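The next block holds one structure in the form of structure tokens; read it before the comments.
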């Protein structure tokens, strides 16, 4: 009789413990702060509101101003996670290492629930000659790592006109990420007809740099394309040819369009956290991927050119306008998600 009583008590204890544990998990989930949209710009210029905008300011002012601020363990320097009304924003820092570590730090923070969140990586970029103009906004459908593989110096090559990148399939798991095609089409459909703006100065610059080529003198628009992520800020015909070869080699769904320094790293991170199907990448062009009216020595040999300056010798005065174009596209997507009709 005593043995039966002990067994019954043990079973009851286990049942109670199980119920308590399940209740504790549910309670912990309810206590988490839900996030529907996580916005990941890469840098800001001076203040996050009220002055010349970097990549975060327009988004912060509309969606996060007056919200809560959180320190993120393992995040970038003193950057905060801004959260308001199920929208969050974190400035990751520039480059692949900063972008990956910052994204991972935010997504692993136990205070927040990203179960159903969309990640929106946003920022400026250089863009491909022959197909894009400064001011374009690109919905990136594939992310490639420009640095993975084998690179040679053109001076070592027997053919001085050849490409200098050689594919290594052992890197493919992180060298190429194709984003959710249904999501990319949905995003493109709701943004493709938005009016993108430019400046008269930029239009004249593009015309002069590319001999009035038809592709170079059109108005900016929303495009779909592939982005090439590199820790090197590169320019030039040979590197452009390498990017075209990579896009072909990896069988990307859309042509090479932009080059930047973070997105494939954010893509790899999102993939490891099981969120790759909800990643959206938006890049605006503030520069071209080839040298225009300047040689490398003239552009980089002296004082560094500030692409955000209206006196930039490469991006002219397009930076502010391109940021507005980016925000017009990004806010359209965010509003659609928050409305529940996305």
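The values are calculated or read from the model by the stated rules, or taken from the named source; none is laboratory data. All values derive from a computational prediction rather than experimental measurement. Cβ: placed from backbone, ideal geometry, glycine included. Neighbour counts: every protein chain shown.
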Of all residues in segment 55-78, count the ones that are surrounded by fewer than 22 Cβ atoms within 10 Å (Cβ to Cβ), under 21 Å from residue 101 (Cα atoms) and out of contact with any strand residue (DSSP E or B) (no Cβ under 7 Å at 6 or more places or on another chain).
5
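Residues that are over 20 Å from residue 272 (Cβ atoms), at pLDDT 95 or above and in contact with a helix residue (DSSP H, G or I) (Cβ under 6 Å, 6 or more places away or on another chain): list the strands (runs of 3 or more DSSP E) wholly contained in segment 40-112 that include at least 2 such residues. So that I can check it myself, show each step before the final result.
Numbers: elements: 68-71, 80-84, 87-89.
Where strands (runs of 3 or more DSSP E) fall fully within segment 40-112 and carry at least 2 residues being over 20 Å from residue 272 (Cβ atoms), at pLDDT 95 or above and in contact with a helix residue (DSSP H, G or I) (Cβ under 6 Å, 6 or more places away or on another chain), they are 80-84, 87-89.
Quick one: in segment 148-164, of everything that is in a loop (DSSP other than H, G, I, E, B) and loosely packed, with under 10 Cβ neighbours inside 10 Å, which residue is farthest from the chain's Cα centre (by Cα)? Spell out the reasoning first.
Let us first name the residues in segment 148-164 that are in a loop (DSSP other than H, G, I, E, B), namely 148-149, 152-153, 157-164.
Remaining after also requiring loosely packed, with under 10 Cβ neighbours inside 10 Å: 153, 158-161.
Numbers: 153: 29, 158: 37, 159: 35, 160: 34, 161: 32 Å.
Out of the qualifying residues, it is 158.
Report yes if some residue within segment 124-138 is crowded, with 18+ Cβ neighbours inside 10 Å and over 30 Å from residue 194 (Cβ atoms); otherwise report no. Quick ask: steps written out before the conclusion?
Looking only at segment 124-138, we keep the residues that are crowded, with 18+ Cβ neighbours inside 10 Å, and these are 124-129, 132-138.
Checking the rest, the ones that are also over 30 Å from residue 194 (Cβ atoms) come to none.
Taking every residue of segment 124-138 in turn, none turns out to be crowded, with 18+ Cβ neighbours inside 10 Å and over 30 Å from residue 194 (Cβ atoms).
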Among the residues of segment 297-342, count how many are surrounded by fewer than 16 Cβ atoms within 10 Å (Cβ to Cβ), free of Cβ contacts under 8 Å to residues at least 24 places away in the same chain and either on the phi > 0 side of the Ramachandran plot or not in a loop (DSSP other than H, G, I, E, B) (or both).
6
Considering every residue within segment 98-113, establish whether at least one is surrounded by fewer than 23 Cβ atoms within 10 Å (Cβ to Cβ), under 21 Å from residue 329 (Cα atoms), out of contact with any strand residue (DSSP E or B) (no Cβ under 8 Å at 6 or more places or on another chain) and in contact (Cβ under 8 Å) with a residue 12 or more places away in the chain.
no
